[in-house]
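Each remark here refers to the structure printed beneath this line.
Just so it is clear, none of the values below were taken in a lab; they were calculated from the coordinates. This one's a predicted model, so the numbers in the text were calculated from it and none came from an experiment. Reconstructed Cβ throughout: ideal geometry from the backbone, glycine too, with neighbour counts over all protein chains shown.
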Amino acid sequence: MGPKRRLAFFVNNIATFLLFNIFSAWTASAQELERMFPDLKFNFPLDLQNAGDGSGRLWVAEQGGVVMVFGGSVGFSEAAVYLDLTDKVLFNDRFGLMGFCFHPDYASNGHMYVNYNAPDPQRTVIARYSVSADDPNRADPLSEYVLLEIDQPHKFHNGGQLAFGSDGYLYIGLGDGGPGGDPNNNGQDLTTLHGSFLRIDVDRQTDDLPYAIPADNPLVGNEEGQREEIWAWGFRNPWRFSFDPLTGWLWTGDNGEDNYDEIDIVNAGGNYGWRIMEGKHCFTPPDDCPTEGLTLPVWEYGGNPLRRSVIGGYVYRGRNNPELVGKYIYADFLLGRIWSLEYDGELPPLNTELIDGVNAISSFGLDEEGELYMCNLEDGHIYRFPPTATSLAEERAESQGGLELTIKSANPLEGTTAVSYSLTDAAMVSVALFDLQGRERLCLLKQRQTVGRHTLRFEIRDVRGTRLPAGVYFIRVQADTHTALLPLVLAY
C-alpha cells in the first residue's frame, strides 16, 4: 500500500476518534436537510465557495451572472453583490455563470476566477477578477483578465467547475460541448479542449498565452498538435469536482448519455472513456469496444431509463457530522437523492443512500471550517445536514503500529496547543500542520525519537511567523511508515 493509500485508509477511519459523543446513530435517510441562512434566497444558485481568508464569508454564484457575498462583517441575514456580470453572461436553461473559485492567496492578492458563457460567438470564458481597492465585499468590475475562451457551438455539456489544487495550479472541467452522443468525438480528440480537465499556471504567463502550462502536464512537448493544457480526458460533462485535501485525489461526477452517470478519481494523463464508454459499458461501438488504456469509474449508477444528472461533491472533512468523515458526498439533481461513497483505492467502494426526495441540488460547497453546504436551484436556498456532533476538550487518534496521537487542549484552539503521541519503537518522526486545501502550513518537527511519550507545544503560525486564519486544519504525525491524523479547529 503506497503512502497516499495508507493515508486514505487512516482518513477513512477518522470518525472512530473524531469525537467522544455522537447524539445517536445517525440514519440520514430518515433525516431532512436543514435550511441555512433563512433570510437569504438566491436566484438560481449554482456554486458556493469560501475564500480561505479567515473572514468567515461565503460567496454564491447565481446562474444569471451575479456573485453574492454574505457572512463576516456583512452578516448572515443579507447578502451583497460582489460581482455583477449580467451584461456579459449568456443566460438560459443550460448557460450562465457556471462556476468560480478563489486564488489560494486571495487574502493577499484578491484574485477570483470565474467560468461563464458569453454570446456572439457562443463560448466559455475563463477570467480573473480582482477585489476592489475600496471595498473588500465587492470585486472591481473593470478588472477582468481573460485567460481562456472556448467555442461552444451547441447548447450542452460545458462543464463549469474551477478549483485550485495543492500544487497551486488552476484546474478547469470542460464537457464535450455537445450535441448528444458527442458526434465530433471531442472526448477523445486531444487537439480540442472539450471533454477534458485542464491544468494551468495562472501566476505566470508566456509570450503566447496569458497563463503558463506546467512542465509536468502529460501532453507537454507532443508533436501531434495536442493541447498541452489537458490534464485528463474522455469526459462527457463533468459537473462539479473537488480535491480531497488529505489524499490529494481529484473527485468528479460525470453526466452520462443514456443509461449511466459516474464518479471518477481523476489522475494525470487518464483517459476516462467517453464516447467509447458510458460508465463501465460500451457506447461507441455498443459492443466489443476497445477498452485498453481506459480508466473505469470508481462508481456508476443508472442502468434504466430514469433521467439522471449527477452532482459531484466533496470528501467530507468537517466536524458537525463525524459519521460522514472520509466519505465522498454527492447527489443527483433529477432523482433527488444524496449518497455517500466510501473508497480507499483498494477495497470495493461502498455506496450508501443518505437522503431521498431532495430535488434540484445543483452544487455543493464548503465553508472555511470544512462544513458542507448544498445549493438548491429550484427554491434558491442553501442547506446542510443537521449536525450530529458535540464539542469536547480532548480528542484522540490511533493508527496501526501503536502510534497514538492526542490533543491536550481545547478544540477549537485559540492559537496555542500541545500534541502528545506515544511510540512503541524508536522512529523517524515528522509532525506537520495542513490546511483544507492539502497544503503544508507548518512543519513542527522532523527528527528521530525514542520509545515513549512525547509532547510538542506550539503556536499556530505559518513558516513566516504570521498568524494563520481561523478554520479547520489537520495535524499529521508520521513515525516511519505509521501515520495518525487529527482535525483541529482554530478560532480567535
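At a glance:
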read-out: Surrounding net charge for SER55, when Lys and Arg each add one and Asp and Glu each subtract one, Cβ distance under 12 Å; value: -2
read-out: Amide proton proximity set for VAL66, modelled H, under 5 Å, gap of 5+; value: LEU85
read-out: Which listed pairs, of LYS41/LYS280; LYS280/LYS327; LYS155/LYS280; LYS155/LYS327, have C-alpha distances above 30 Å, in listed order; value: LYS41/LYS280; LYS155/LYS327
read-out: Residue-count net charge about GLU34 - beta-carbon cut-off 12 Å; Lys, Arg +1, Asp, Glu -1; value: 0
read-out: Label-to-label distance, nm, for residues given as GLN449 and ALA212 (7 Å Cα→Cβ offset); value: 3.8
read-out: TYR145-SER77 pseudo-label distance in nm [points 7 Å out on the Cα-to-Cβ vector]; value: 3.9
read-out: Which of TRP249, TRP274 has the fewest Cβ neighbours within 10 Å, and the rest in rising order; value: TRP249, TRP274
read-out: Contour minus Cα-Cα distance for GLN437 and THR466 (0.36 nm per residue); value: 8.6 nm
read-out: Residue order, fewest to most beta carbons within 10 Å, for VAL451, VAL431; value: VAL451, VAL431
